[in-house]
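Undergrad: I have a structure here, written as structure tokens, and I will follow up with some questions on it.
Derivation of every value follows stated rules applied to the coordinates shown; laboratory data play no part. Predicted model only: the values in this text are computed from it and were never measured. Backbone-built Cβ (ideal geometry, glycine too); neighbour counts: all protein chains shown.
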Amino acid sequence: MKRIENYSDYREFLRDFYQDRKKRLPIFSYRYFCIKAGIKSPTLFKEIVDGSRNLTS
């Protein structure tokens, strides 16, 4: 995985981060990540990563 400052697209970073963690920790999932990060909707988070939804302020 590249260093975070080498990413210009947050979605690419999140995808790479997810894949890297999934390889190291089989229990890792979008739901697991969202629980740990305090994000209420794993579905919304996955849609953001996949590009079908955008982050909003």
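Undergrad: Name the shape class, rounded, prolate or oblate, that the alpha-carbon gyration tensor gives for the chain, where a ≥ b ≥ c are the square roots of its eigenvalues, rounded holds for a/c under 1.5, and otherwise prolate holds if a/b is larger than b/c and oblate otherwise. Please report the intermediate quantities before stating the final value.
TA: Working: a/c = 1.87, a/b = 1.01, b/c = 1.84.
The shape class here is oblate.
Undergrad: Ranked by Cβ crowding within 10 angstrom, fewest neighbours first, how are 2, 46 ordered? Before the final figure, lay out the partial values.
TA: On the way: 2 9, 46 18.
Sorted ascending by nearby Cβ count, the order is 2, 46.
Undergrad: What are the ³J(HN,Hα) values, in whole Hz, obtained from phi via the Karplus relation 6.51 cos²θ - 1.76 cosθ + 1.60 with θ = phi - 60°, for each residue of segment 6-18 in sequence order, with x given for Gly and Pro?
TA: So the J values, rounded to whole Hz, are 8, 9, 9, 10, 4, 5, 4, 4, 4, 4, 5, 4, 4.
Undergrad: Let me ask something additional. Let me spell out the model: positive unit charges on the Cβ of Lys and Arg, negative unit charges on the Cβ of Asp and Glu, origin at the Cα centre of segment 10-50. What dipole size does that give, in debye rounded to 20? Each step should come with its number before you reach the end.
TA: Numbers: 10 positive and 5 negative charges, 44 e Å.
Using only the charged Cβ atoms, the result is roughly 220 debye.
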